[in-house]
1. Over its Cα atoms, what ratio of radius of gyration to 2.2 N^0.38 Å does segment 119-163 give?
2. What percentages, rounded to whole numbers, describe P(r) for segment 177-218 computed over all alpha carbon pairs with 10 Å bin width beginning at zero?
3. What does the charge add up to near G49, with Lys and Arg as +1, Asp and Glu as -1, over the other residues with Cβ less than 15 Å from its Cβ?
4. What residue among G35, S85, G57 has its Cα farthest toward the positive end of the dipole of segment 1-142, where the charges are +1 on Lys, Arg and -1 on Asp, Glu, each on the Cβ?
5. Give the Kirkwood hydrodynamic radius (Å, one decimal) of segment 36-129, defined as one over the mean of 1/r across all pairs of different Cα atoms.
6. First compute the accessible area of the chain with a 1.4 Å probe, then give the percent of it belonging to carbon and sulfur atoms.
7. In a shell of Cβ-Cβ distance under 12 Å around P110, excluding P110 itself, what net charge do Lys and Arg (+1) and Asp and Glu (-1) give?
8. Given R₀ = 22 Å, FRET efficiency for F36-Q59 by Cβ-Cβ distance, to 0.05?
Amino acid sequence: LRDTSLLMVPLTFSYAYQLPNGDMAETFGWNNNLGFSAAVKFASNYQIGLEAGFIVGDQVIDRTMLHEITTSNGVIVNQGGQPASILLFERGYTIMAVAGKLIPVIGPNPNSGILLKFGAGYMRHRVLIQSQDDVVPALEGEYQKGYDRLCAGPMTMLYAGYQHLSNNRFLNFSIGFEINLGFTESLRPYDFDRGKASTDTRFDGLNGLRFGWVLPIYHARDDRQFYR
């Protein structure tokens, strides 16, 4: 590892703080993204792999999907006629195939350096509506699908960062900036608040800083020879 670019399988567990843009910014604020990737890095420092990310957030800034069941004083009532506690969350995921190139211009060995990646895959996200201990008939079961803004579609990703694999195997990490762009559409046949289906193509962007812990799997060859 110290002086040779190796064939290896880097497994990466990562976290990203992301900010939305485009149509996604009209519904959500910042979010957390928990990621996992598995790749094959060749001795040429090119690599291919698969990545998945799970979108988790509680910054839902657009609550207009519930205005049809909201009273004039801004509350939603439960089946007993009392104000209900309604919580909104962001949930989603991405999955993609990724190709990249490691440029070993800095770092302790030829397996560390500037990492550039391009990905293409699938994005899916929605608003998760929870009514806590209240029973709100309009939000129970299948009715909730008329409010959750479920969208999905193809996506692309660009990443530029730094990967560090230490010579002693103890400090292995990556850090970089990524740009995600999804070309999504609504998967619901009808939105209750709009009174119709949403048929527009959306441009859903997620940009953020990603930090990852890398577990490199490779065969260490011992070239020492002994003579007598």
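The values are calculated or read from the model by the stated rules, or taken from the named source; none is laboratory data. None of the values given here were measured: they were computed from a predicted structure. Quick reminder, even Gly has a Cβ in these numbers, built from the backbone with ideal geometry, and neighbours come from all protein chains shown. Note: accessible area is taken over every heavy atom of the protein model, side chains too, but ligands, DNA and RNA are not part of it. Shrake-Rupley method; radii C 1.70, N 1.55, O 1.52, S 1.80 Å.
1. Working: Rg = 16.9 Å, N = 45, 2.2 N^0.38 = 9.3 Å.
That ratio works out to 1.81.
2. Over segment 177-218, the share of Cα pairs per 10 Å bin runs 22, 27, 23, 18, 8, 2 percent.
3. Numbers: positive: K41, K101, K117, R210; negative: E51, E178.
Around G49, the charge tally is +2.
4. Farthest along the dipole direction, towards plus: G35.
5. Working: mean 1/r = 0.0583 Å⁻¹.
One over the average 1/r among Cα pairs gives 17.2 Å for segment 36-129.
6. Numbers: 7520 of 12430 Å².
For the chain, the apolar C and S fraction of the accessible surface comes to 60 percent.
7. Details: positive: R2, K41; negative: D3.
Net local charge, P110 excluded: +1.
8. On the way: r = 23 Å, r/R0 = 1.05.
Once rounded, the FRET efficiency stands at 0.40.
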